[in-house]
Amino acid sequence: MTQAQTPSAPNPPTRGLEGIVAGDTSKSRVDGAQGKLFYCGYPIEPLAEEGTFEECVYLLWNNELPTAAQLEAFKGDLLSDAAVPDAIWDVLRPLAPHQTLMDLLRTGMSALSAFDPDVAATRESSEGRDVLERRIAMRVQARIGTIVTGAYRLKQGKAPIAPTKGQSLASQFLTMLTGEVPGAGEERIFDAALTLHADHGFNASTFAARVTAATEADIYGAVTSAIGTLTGRLHGGANMRVMFMLQEIGEVDKAAAFVDDILGRPKGRVMGFGHRVYKVEDPRATVLRRMAKVLTDETGHTKWFEMSRVIEDRVKETKGIFPNVDFYSASVYGSLELDPELFTPIFAVSRASGWLAHVMEQHADNRLIRPRANYVGAPERAYVGLSDR
Ligand SMILES: CC(C)(COP(=O)(O)OP(=O)(O)OC[C@H]1O[C@@H](n2cnc3c(N)ncnc32)[C@H](O)[C@@H]1OP(=O)(O)O)[C@@H](O)C(=O)NCCC(=O)NCCS
């Protein structure tokens with residue numbers, strides 16, 4: 001028996017859990033072969049292009065679309081709960097010059113639990129937890145954009161802007177960033193981008209949230225785990241790196257050679273391409289490409305889009321892989337003149353809705369998530385005391 005076949009695990013492991021079905025969910029269905037994505041049965045395209053992000057959040061948390069009255073009440077609750085205590089800024093201000101925005105978001109989210117009157121009770125008993133968690137989820141979704149925009153301003157040496165009521169979450173976010181209320185077109189595109197990023201099966205950050213929740217940890221613990229997981233460049237961290245790549249390339253006629261150079265290197269990766277589940281084009285990329293085209297035509301800044309098309313063609317030709325959600329979201333956010341450092345935190349603002357839906361779903365029918373490991377280390381051996389080593 002080789003070391004890799006020790007009897008510690010019943011089956012050889014699947015690297016990266018590829019293809020493993022790790023649980024049930026009613027939130028989203030990813031059809032990797034057809035390139036389709038559904039939230040609670042609805043295709044994402046009309047949800048993004050005709051609906052609003054608030055409708056999408058309601059859907060993920062209730063498994064049904066709201067009526068007009070339900071949506072009105074839901075939006076009212078969400079938008080009135082967005083302010084965070086000044087103590088959060090006191091925690092983040094000294095860290096702001098030294099940390100990335102994702103680091104600050106992770107710390108800010110964790111600190112927010114100190115000000116939640118319901119959270120302690122959810123740690124000790126599952127009785128009545130669903131009601132408390134619904135209230136907590138509202139607060140987390142309402143406040144995550146406030147933390148991102150406030151932390152961004154702290155990094156620039158500016159004071160956070162308090163949220164205003166009577167807007168959409170998209171408009172509220174953009175207003176807290178700059179102090180300017182966005183135009184209707186800008187708000188619509190940003191809102192659609194939030195909907196497109198909201199949920200995606202057992203993606204890495206959602207799975208991290210569920211693993212944490214399954215220990216009966218609270219929502220803040222689960223969302224903080226998820227934020228840490230989203231940060232990596234193989235997951236949500238890819239979108240800002242797409243923009244860094246576009247900036248580095250600089251001109252459309254340099255794009256193809258740039259791609260060739262990356263793909264010519266051992267293990268070279270072009271950010272924004274490839275996917276574990278989609279074997280055809282990611283449907284979110286299709287919508288975002290459309291949006292990026294409209295936006296760049298409108299603004300006259302067509303360079304990001306043209307460069308992206310050249311990169312897309314070259315990667316497809318050479319590797320046979322397709323753009324994912326992060327590729328065209330970079331051109332969309334870039335055309336909205338958002339700083340690339342905001343791209344992954346914006347993903348977090350949207351994906352929080354999915355994380356929260358999954359944590360509540362996990363807690364509604366919980367079992368500890370605890371896989372086994374295939375031990376490949378040294379065989380059993382005798383301990384040798386320090387003085388004899
Ligand atoms: C998303 C991702 C992590 C999925 O990884 P995975 O399922 O483990 O896929 P693998 O790493 O096994 O890649 C399979 C093959 O495609 C290639 N590949 C995958 N993504 C690639 C990319 N972005 N650039 C170049 N080649 C890529 C790999 O080199 C490998 O080719 P090989 O068999 O010739 O070695 C991967 O595609 C990636 O790193 N993408 C870039 C980061 C990114 O955009 N992340 C956001 C995801 S939404």
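Kindly identify the stretch 238-335 as rounded, prolate or oblate by the Cα gyration tensor criterion: order the square roots of the eigenvalues as a ≥ b ≥ c, call it rounded if a/c is under 1.5, otherwise compare a/b with b/c, prolate if a/b is larger, else oblate. In terms of gyration-tensor shape, oblate.
With an a/c value of 1.5 or above and a/b not larger than b/c for the gyration tensor axes a ≥ b ≥ c computed over the alpha-carbon atoms, the stretch 60-179 is described as oblate.
How large is Rg/Rh for the chain, to two decimals, with Cα atoms and a Kirkwood Rh? Value, to two decimals: 0.99.
Measuring nothing but alpha carbons in the stretch 259-389 and taking Rh as the Kirkwood radius, the Rg to Rh ratio lands at 1.20. Exposed loop sites here are GluC sites (Glu not before Pro) assigned a DSSP state other than H, G, I, E or B and surrounded by at most 13 other beta carbons within 10 Å; excluding them, the longest clear run of the chain is 252-336.
All other residues with a Cβ under 14 Å from the Cβ of Leu47 taken together, and with Lys, Arg as +1 and Asp, Glu as -1, what is their net charge?
Values: positive: Lys27, Arg29, Lys36, Arg188, Arg284; negative: Glu45, Glu49, Glu50, Glu54, Glu55, Glu64, Asp191, Asp199.
Here the count lands on -3.
In plain terms, if you count all Cα to Cα distances in the stretch 142-247 and split them into 5 Å steps from zero, the share in each step is 2, 11, 15, 18, 22, 18, 10, 3, 1 percent.
List Trp89, Trp304, Trp61 from most exposed to least, where exposure is judged by having the fewest other Cβ atoms within 10 Å. Each step should come with its number before you reach the end.
Working: Trp89 18, Trp304 24, Trp61 21.
With the sparsest Cβ surroundings first, the list reads Trp89, Trp61, Trp304.
Centroid-to-centroid, using Cα positions, the stretch 288-361 and the stretch 100-142 are 29 Å apart. Tell me the net charge near Leu78. Cut-off is 15 Å between Cβ atoms, Leu78 excluded, with +1 for each Lys or Arg and -1 for each Asp or Glu. Summing Lys and Arg as +1 and Asp and Glu as -1 gives 0. Using the Cβ of Asp297 as centre and a radius below 15 Å, the other residues enclosed give a net charge of +2, where K and R count +1 and D and E count -1.
Of all complete DSSP H helices in the chain, those with a Cα span along the helix axis of 30 Å or greater and a mean Kyte-Doolittle hydropathy of -0.5 or more are 129-155, 343-364. Taking the Cβ-Cβ separation of Leu234 and Asp297 as r and a Förster radius of 30 Å, what is the calculated FRET efficiency to the nearest 0.05? With a Förster radius of 30 Å, E is 0.40.
Ignoring lysines fewer than eight residues from Lys316 along the same chain, the ones with Cα atoms less than 29 angstrom from its Cα are Lys36, Lys254, Lys267, Lys279, Lys293, Lys303.
In what sequence, highest mean first, do 262-271, 112-121, 169-178, 365-374 appear when ranked by Cβ atoms within 10 angstrom?
Working: 262-271: 12.9, 112-121: 15.6, 169-178: 22.1, 365-374: 10.3.
The densest-packed peptide leads the list: 169-178, 112-121, 262-271, 365-374.
Taking a ≥ b ≥ c as the square roots of the eigenvalues of the Cα gyration tensor, an a/c ratio of 1.5 or more together with a/b no larger than b/c marks the stretch 9-95 as oblate.
Here, each number is a calculation from the coordinates, and none is a lab measurement. All values reported here derive from a predicted model rather than from experimental measurement. Reconstructed Cβ throughout: ideal geometry from the backbone, glycine too, with neighbour counts over all protein chains shown.
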